[in-house]
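Colleague: Once you've had a glance at the structure underneath, I'll fire off some questions.
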Amino acid sequence: MEFVNSLLFMLGEMSPYILLGFLIAGVMHAFISRSVFSRHLSGKGWRPVVKAALIGVPLPLCSCGVLPTAIAMRRGGASKAASTSFLIATPQTGVDSIAATWSLLGPAFALVRPLAALVTSFFGGVAVGTVEQPDTDKTHIVGGESRHKDFWLKCKDALCYGFVDLVQSIGGWLVIGLVIAAVITVYVPDDYFTALGDSPLLSMLVVLVVAVPMYVCATGSIPIAMSLMLKGLSPGTALVLLMAGPAANFASFTLISREMGRKTAWLYLASIVTGAVAFGLVVDYLLPDGWFALPVASETAHHGVHCMGWIQIVGSGILAVLLGVAFVRNRKHNHLNINSITRTYKVKGMNCPHCQAAVTRSIEGVEGVKSVSVSLSDGRAAVEGDYDEACVVAAVESAGFTIDAE
């Protein structure tokens, strides 16, 4: 019962802010054309790097969902420096995770987190621009959906993206993060991390070893960071998890290495690790401890639904319904529809519904394709129609994925 109460409490604290973030994210998606992003990220110097970081910080894309977007920008003319800056800034934070960070970790964390993402992405992009050779050949690809829709259609798109597509994309990781946080809060002894708590730098290095290879979204990492702080780890260590967990994983490193070169990939990873530790040390040693005191005490987290107001209860109910719908949609979309004239392919690099949607859109754009069914669970794509197989391969690879015929 204590586990359920802890889980309900964290869900109630986060849900109103997450729902607001989903709404803002949907508005950004529907009313701002993607071509605006890539148009401002070409050229040399630090200005495209700054623009890429500023664009990336509010976008609610996870570390794998950002990859097709960044690759499309890169192939549309964005420099390696700007693309790297975008790749570092975007998955670390977003409007949804900033709101949720405020709810569980307080305003200081909500301000420091996007600032750290902004600074880290700037220096990472500048480092790539300094080391890498200037682009000599750019292929400008004009694409993307039309934004010439009336206001009400855009509003519908905003609601569908924010409360359906985005929930489907990060919902699973949010639930995993909440469950892990509840397990740590309830079952890990209060003195378990005492030794690490006395050495912030050591605790940061331990967290990095765990955070860099694992996959967790920016919002899903928040309750885990809170539960670790409740068990004695420093705020700086929690910030390291919030930065490194969402921004880096093996899939991202591999794809960046293939698309932009191994040197860029290593600079990307080094920037995330260095920036996370640097800002973690600043939080622990240079900023007042009172700024990072958790809004809720550990004993409060065990009271569950009894401590929740009506806003938290309603928000929790709405979010739970949205998560349930997302679960059903994911199961439905992971079922391949195959008939006798359908060819199947193995697609590598898909990690979330954003990736799944990107692959689907790429194949649907190939002339002669009648229908496409992409399964995220086993990485297979079933394509029906009279089309050129080489065009399907080229379309999927242009979106940043690898595809092979079965």
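The values are calculated or read from the model by the stated rules, or taken from the named source; none is laboratory data. The shown structure was predicted, so the numbers you read here are calculated from the model rather than taken from an experiment. Counting neighbours? That spans all protein chains shown, and the Cβs are built from the backbone with ideal geometry, glycine included. Side chains are part of the model used for accessible areas, which takes the heavy atoms of the whole protein and leaves out ligands, DNA and RNA. Shrake-Rupley method; radii C 1.70, N 1.55, O 1.52, S 1.80 Å.
Colleague: Looking only at the stretch 239-260, count every residue that is at pLDDT below 90 and over 18 Å from residue 66 (Cβ atoms) and tell me the total.
Modeller: So the count comes out to 1.
Colleague: Also, quick follow-up: Using beta carbons and a limit of 7 Å, which pairs, at least six apart or on different chains, have the first residue in the stretch 114-130 and more than 14 Å from residue 86 (Cβ to Cβ) and the second one open to solvent by less than 50 Å² (accessible area, probe 1.4 Å) and not in a helix (DSSP H, G or I)?
Modeller: Close Cβ pairs satisfying both conditions: 114/57; 114/93.
Colleague: Still on this structure: Collect the residues in the stretch 185-214 that are modelled with pLDDT under 70, out of contact with any Gly (no Cβ under 8 Å at 6 or more places or on another chain) and crowded, with 19+ Cβ neighbours inside 10 Å, keeping them in residue-number order.
Modeller: Selection gives 185 alone.
Colleague: So in the stretch 84-132, with the set limited to residues that are more than 16 Å from residue 18 (Cα to Cα) and polar (S, T, N, Q), which one is farthest from the chain's Cα centre (by Cα)?
Modeller: So the residue we want is 130.
Colleague: Working only within the stretch 363-406, note down all residues that are part of a strand (DSSP E or B) and without any contact (Cβ under 8 Å) to a residue 24 or more places away in the chain. It would help to see each step written out before you state the result.
Modeller: Within the stretch 363-406, the subset part of a strand (DSSP E or B) is 369-375, 380-385, 402-405.
Of everything in the stretch 363-406, those that are part of a strand (DSSP E or B) and without any contact (Cβ under 8 Å) to a residue 24 or more places away in the chain turn out to be 369, 370, 372, 385.
Colleague: Looking only at the stretch 25-41, decide whether some residue is more than 20 Å from residue 158 (Cα to Cα), modelled with pLDDT of 75 or more and in a loop (DSSP other than H, G, I, E, B).
Modeller: Within the stretch 25-41 (the criterion being more than 20 Å from residue 158 (Cα to Cα), modelled with pLDDT of 75 or more and in a loop (DSSP other than H, G, I, E, B)), the answer is no, since none of the residues qualifies.
Colleague: I'd like the full set of residues that are closer than 23 Å to residue 258 by Cβ and either aliphatic (A, V, I, L, M) or at pLDDT 85 or above (or both), limited to the stretch 384-403.
Modeller: If the condition is that a residue be closer than 23 Å to residue 258 by Cβ and either aliphatic (A, V, I, L, M) or at pLDDT 85 or above (or both), then 389, 390, 391, 392, 393, 394, 395, 396, 399, 403 are the ones that fit.
Colleague: Filter the stretch 327-359 for residues that are of a type in the set (Ser, Thr, Tyr) and modelled with pLDDT of 85 or more; which is least open to solvent (accessible area, probe 1.4 Å)?
Modeller: Residue satisfying both the conditions and the ranking: 345.
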